[in-house]
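Structure first, then comments.
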Amino acid sequence: MGLDRRAFIKFVVGGAAGTLFTPIPWKLADDASIWSQNWSWIPRLKYGALTADATYSKLCPAGCAVKVKKVAGIAYGVEGNSANELSKGGVCPLCATGSQMLRSPSRVAGPMKKDGDKFKPISWDEAEALLADKLKGLKGQDGKVAAISGDLSGTANEVLSGFLAGLGSKSYYYMPTDQTAMAKAWNGVMGGSGQIGYDLEEADLILCIGADIMDAFGPVVRNQKAFAAKRPMEGDKTLTLVYAGPVRNRTAAVADKWVAVRPDGAAAFAMGLVNLLVRSGKSASLGGFSDFADLAAKFGPEAVAKLSGVNPEALKDVAKALLVAKNPVIVVGSESGQGAGVALSAAGVTLNAMLGSLNVLPEFPKAVASAPDRAGLLAKDLVGWLAAVDAGKAPAPEVLFVYEANPAYSLPQAGNMAKTLRKAGMLVSFSTFMDETAAMADLVLPAPHPFERLDDAQSPYGLGKATYALATAVVAPEKDCKGTPDFILGLSGKLGVDLGFGAFEDVLKAKVEAIGADWDALAGGAVHVSDKKGSTQASLDAGAMSKALAGIKGEGLVLIAQAHLNIGTGKLATPPLNLPTIRETELYGKDVFVQMCAATAKSLGLSEGAKVKLAAGGADISARVNLSEGVMPGVVAAPLGLGRTAWDPYTKGKGDNVCKILAVSAEPGTGLSVWAGSAVSVAKM
Amino acid sequence: MEEKKTTKCGGGFLAFVLGFLLSVVAGWVVFPGLLYSELDQPIQFSHKIHTEDQGLTCDSCHFFREDGSYQGMPTNEQCTGCHSDVIGQTPAEAKYVQEYVQKNKEVPWRNYQYQPDNVLFSHKAHEPFECTECHLDVAKADKAPKYYENKLSGYSKQTMKMWQCERCHAENGVSNACHVCHK
Amino acid sequence: MQAKEFKIRWGMVIDVDKCTGCGACMVACQVENNIAPATPEMDAWAGVTHDASNKLRTLTWMLVYEINNKKAFPEYEAAYMPRPCMQCSSPACVPVCPVVATDKNEEGGIVSQVYPRCIGCRYCMAACPYHARYFNWFDPTWPTGMDKGLSPSTSVRPRGVVEKCNFCHTRFQQAKDKARQNGGDPNNLPDGAYVTACAEVCPTGAIVFGDLNNPEHKVHELAHSKHAFRLLEKLGLGPQVYYYSKREWVHRLGDNYLPNEKKA
């Protein structure tokens, strides 16, 4: 029969009914739903052997002992090295995202030369030839070649400073930190040797004057572990922590007591303690101590209250606690880890000496014999030098090397400093990332990411024993970068400067041998700890101290910049995964928030969320007000690490750079540039 | 007139049956061919040569690591133990050495038992079972079997679905909780 | 929902007196679980920013809260509270899921979240009083090249599904495999064989993780301490995350108390 409409329909219906007895509808529905769960733009995971390679991560200032976690040889994460007796497996919030930073969009892809406004890629050979050419004509002239280093613990500095010395230049500077302020005091003014150490592991009372040991001072992970070890949940605490500073910061949050001290009066507070200890019969075997004790007598509790805002009873309580403790340790510094003066540092040393806690770590032997001594370099004043260059009192360098530092962003009065840095004839940055200094440099020669390079750390400041750690390359470089010390060794060869080594690995091998450590053990993640102690011989300069202390006013609105490690450091902008850790009370959208208590806000006519302009040192920043009772009256607290103008879209343009308004002054009596607790004016916008 | 009607009904019923049968055949015979694309492995790997001629055992290449994870498909690290250079006569081996070993590239083997990322499978927990309970028996095969890829979902034809895992778990008294198999 | 009993109960004790609020736990959690960074662009059509300062959009399975005693200077005190998913004994989120994408059925008591089954209705988010659940408003996008190294522990979620802390569940499986490989008992793991990413990385060791039922695990004793408390205890959800503090004001912030009500 022919096919008519009804037959056709029945055919189709039969077909449809038959389909139900086949896999077609069920499989298609199932597969369609699976298709909708596996979009092609969602990344697929890679699988393979899971390994963890030990190294020392120098992404944070002091460094963390880590293991880089890999799957099928690709780095994806970081875990702590639990075998490390100092960090005990803990990791700071920056090193925890170290594997992600290997592929940061702000990484410099290869050596680059500035051509007009843009960067043009060049080869490493071209870069070496360019620099060799430029430096040939400057050999033997001091001040023409200079270098700024932000890595305060690496032996790479010996190569770099030895190279400069070979060119006849003494202009090698470290970025200012609590360590440089202490070096100026201990090694410079007091004539001591070695590095001040803090034996937190044995302490039963830790008094922090300014130093934010849990967030910004020294090896924060080790500080936190040492603290936690003595405050077990399941037992009695064997450590009391007292924080003396203007803000209830993260150290104060876990401390047993917060003593509110104006940041500009911290040295007076310390002298007040010296005075009370002297009155209780304590003394220190430091030269010139009796003159110093006489000076301290001027800092009775009432005088201290005027200069630092500390309640006289609180001062007496702290002194009492110090006298009763068996192993008290006093840690001094600035809340932001920079800008403290000699007065505070020397007073801190004296307090420790009076309580039998003065701890000096000996310097490890040098590997590069022609390199200047580390202590001498640490005591130099970078900010003071740049101010002199700015004022025309010192010549601008023809070539300025910047290693592991971001001075254009993180120096105080950053806007001015950036201009001064730009006065250098040729600015060379070795930064791994496109930071503010690299962005304005003439030549960017990227160093590898800390996981990709050989590096080391000798006694990061804040430890209690001379310690040496080695970092080996556990990841193949993702970009065309070269280890800075290797580049410098190559360059030195071209300029006839003999540093005694051809490659940086040889330098470190010599260093390890000189120290008497085992290279293989260090490369496997072990750390070398020495029980040797340095000499505690030094002498106090009461005259200089008196002048420095006379400069304390103790009144007016002062600014305290807070360094939070999770937000980043000067040389490492907020990693993308750290952005959610920034609170809305610190940053919201493009607005940075400054904190002040209700009393301060009332006196300035401000309310929560008010838009304000903060001005100091010839610059200003815009911010909004966040009311917090954790800031003492007369003080404004502002977070560092924001207001980036380079890097990548994740971090750029958020908030403002508080370093711009850290006003610098010269400490009377010592001449050291200081800015902790600098004055600031706040005006409603 | 009535004859015509009867014939029409008869013709209609036939049409229904014809449609029914045709779609059943299409669904069971034609459809799988359309749904799956037939692919080859990037290298024609012969298990027979390795197990019979060379005397390797299964766990020479497929073994449990120290941490209990399973090395399923070997990587270049295992293969170059012998094949860092051409040691045989087959064109497949030559291709492997040329295009993968010398270029330091891993072979993108197609996984017959492919599971998506949200599935968590532990070989260690299934160690007591015979491999062939779930995997194709290739131990003596001279050629790698064809890989059938589902054009719509992207999975392999042998990809086990959830009900297969659930059934065996239920039969063996093992938990069928979500997190046992998902991540 | 009635509390289910399990032989093993994975839980945490977090020492609020030791947490410095550094945020390393938050970072390690994101690394372990393939959480993409919050991108900077604005969703102009909705006027919504996906920037990380918009806390309604960030995926923070582990989130550190800052709490204070609400007093004026100088009595002001602050503390930090890391908050993962509480893995409640009788969770509020499980009974409300229309597709059973979340359940509390695996030995160990971790509340599971299965992403392919989730339809994104967000009923569970409304139910959770701890705000521990997060919705993927956007497809994850990594900066170019940053998705090269992804953690094999957690699948990558597309937009439209809810996610939450799962106590790094893959590490539990890996610990069991390791135990089987080395002759141990996968159902009786020693203390420390399985630790979450946040507990592992914490610089103060404030986060302690383990089996609350096992007397050989540290958390067992700590959870029974008189200084331990749980958040919103009165809701009766039975969270498996305990907080530890010797400070009364921290305890009082853990739940809703009337001004003169004494804490139980």
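What the table below lists for this structure:
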| read-out | value |
| --- | --- |
| Separation between Cα centres of segment A:601-675 and segment A:269-287, rounded to whole Å | 35 |
| Spin-label pair A:ALA229/A:THR51, simplified geometry with 7 Å Cα→Cβ offset, distance in nm | 3.1 |
| Sparse-neighbour loop sites [trypsin sites (Lys or Arg not before Pro); segment A:346-402; at most 16 other C-beta within 10 Å; DSSP] | A:LYS393 |
| For C:CYS88, distant residues with modelled amide H under 5 Å away | C:GLN240 |
| Size-normalised alpha-carbon gyration radius of the protein assembly as shown, reference 2.2 N^0.38 Å | 1.05 |
| Karplus 3J(HN,Hα) series, Hz, for segment A:489-498 with 6.51 cos²θ - 1.76 cosθ + 1.60 (x for Gly, Pro) | 5, x, 5, 5, x, 5, 9, x, 9, 9 |
| Calculated P(r) tail over 15 Å for segment A:188-264, as whole % of Cα pairs | 58 |
| 5 angstrom amide H check on A:GLN562, placed H, neighbours 5+ away | A:ALA638, A:LEU640 |
| Per-residue ³J(HN,Hα) for segment C:105-120, Karplus 6.51 cos²θ - 1.76 cosθ + 1.60, θ = phi - 60°, Hz, x for Gly and Pro | 9, 8, 3, x, x, 7, 6, 8, 9, 9, 5, x, 8, 5, 9, x |
| Distance between modelled label sites at A:GLU302 and B:VAL174, nm, 7 Å Cα→Cβ extension | 8.2 |
| Gyration tensor (alpha-carbon) shape descriptor, chain C, a/c threshold 1.5 | rounded |
| Computed Kirkwood radius, in angstrom, where 1/r is averaged over Cα pairs of segment C:143-264 | 17.5 |
| Cα Rg, Dmax (largest Cα-Cα span) when computed across segment A:1-90, Å | 29.8, 94 |
| Share, in percent, of DSSP beta bridges within chain A that are antiparallel, nearest 5 | 55 |
| Pairwise label distance in nanometres, A:ALA683 with A:SER370, each label 7 Å out on the Cα-Cβ vector | 5.4 |
| All Cα pairs of segment A:254-364, percent lying beyond 19 Å | 42 |
| Fewest-first sequence of C:CYS124, B:CYS58, C:CYS93, C:CYS22 by Cβ atoms within 10 Å of each Cβ | B:CYS58, C:CYS124, C:CYS93, C:CYS22 |
| Relative exposure of A:LEU549, C:LEU56, A:LEU167, judged by other C-beta atoms within 10 Å (fewest first) | C:LEU56, A:LEU167, A:LEU549 |
| Packing-based exposure ordering (other Cβ within 10 Å, fewest first) of A:VAL512, C:VAL219 | A:VAL512, C:VAL219 |
| Paramagnetic reach from B:HIS123 (point 7 Å along Cα→Cβ, amide N under 15 Å) across segment B:49-87 | B:57-79 |
| Two-decimal Rg/Rh across segment A:77-204, once Rg and the Kirkwood Rh are taken from alpha-carbon atoms | 1.06 |
| Zone of C:ILE67's modelled label, taken as backbone nitrogen in segment C:221-248 under 13 Å from a point 7 Å along Cα→Cβ | C:228-234, C:242-248 |
| Summed residue charge, Cβ within 11 Å of A:CYS481's Cβ, Lys/Arg positive, Asp/Glu negative | 0 |
| Amide hydrogen neighbours beyond the local backbone of C:ASN69, cut-off 5 Å, H modeled | C:GLU77 |
| For segment A:169-309: rounded, prolate or oblate by the Cα gyration tensor [a/c cutoff 1.5] | oblate |
| Estimated [θ] at 222 nm from DSSP helical runs (n ≥ 4, -39500 (n - 2.57)) normalised by residues in chain C, nearest 500 | -4000 deg cm²/dmol |
| 3J(HN,Hα) from dihedral phi, segment A:202-210, Karplus parametrisation 6.51/-1.76/1.60, rounded to Hz, x for glycine, proline | 9, 6, 10, 8, 10, 10, 9, 9, x |
| Principal axis box of chain B, alpha-carbon based, largest edge first, Å | 86, 46, 28 |
| Other protein chain Cβ atoms within 10 Å, averaged over every residue that makes up A:117-123 | 0 |
| Two-decimal Rg to Rh for segment C:30-169 - Kirkwood Rh, Cα set | 1.01 |
| Among beta bridges that DSSP assigns inside segment A:388-497, antiparallel share in %, nearest 5 | 40 |
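Where a number appears in this text, it was derived from the coordinates with a stated rule and is not lab data. Because the structure is predicted, anything quoted here is derived from the model rather than measured. Ideal geometry is used to build each Cβ from the backbone, glycine not excepted, and the neighbour counts take in all protein chains shown.
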